[in-house]
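Quick notes on the structure that follows.
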Amino acid sequence: MARELGLGVVPYSPLGGGVLSGKYSLNDVTSAGTGSSDGTGDGTRRGVNLALGTLNERNLAVAGVAREVAAELGRTPAQVALAWTLRNSGVTTTLIGARTPAQLEENLGALEVDFTAAQLARLDAAGAIELGQPHDVLASDHIRRVTTGGLRIETRR
């Protein structure tokens, strides 16, 4: 929508609270609960991410692909995630949450990351958002045939 309207996008927390930096594992999701009734978990970044729903199996799978691509490029997962975000044509810039000079320097290294087409395709596939119901049903070939007689309207580019 933003691209269609000519609006810039500034993603907040492009590393998903650190999930895409590679610092969490599946064990962080499956271990004991958040330990707090106020919605902030146990007060740790892990607890907050669990409470917000950003630390989950799907996001860890995306982080895994970012980690693989980072290893191929000799970069960090955070650099790959930030560079991938900045490659989106709708993204004007992004906010980074570096707490230390070392994190800032690492994050700025994202500006030097170059992907192959295959690496971008893997990241895009891992990060694709499934729209779910009713979109999946409405987009199915069967429903398209029943409701439109097979008519397709091409999107404008």
Once all Cα-Cα distances of region 2-130 are split into 5 Å bins that start at 0, what whole-number percent is in each one? 2, 11, 19, 21, 20, 14, 9, 4, 1, 0
Counting other Cβ atoms within 10 Å of each Cβ, which trypsin sites (Lys or Arg not before Pro) in region 48-104 have at most 11 and sit in a DSSP loop? Arg99
At a 10 Å Cβ-Cβ cut-off, how would you order Asp141, Asp136, Asp42, fewest neighbours first? Asp141, Asp136, Asp42
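Could you work out the per residue convex hull volume over the alpha carbons of region 36-98, in cubic angstrom?
Working: hull volume 7.4 nm³, N = 63.
Looking at region 36-98, the number lands at 117 Å³ per residue.
FYI, it's all coordinate maths here, none of it is from the lab. Here the structure is a predicted model, which is why all the values come from computation and not from measurement. Here the Cβ is made from the backbone with ideal geometry for all residues, glycine too, and neighbour counts use every protein chain on show.
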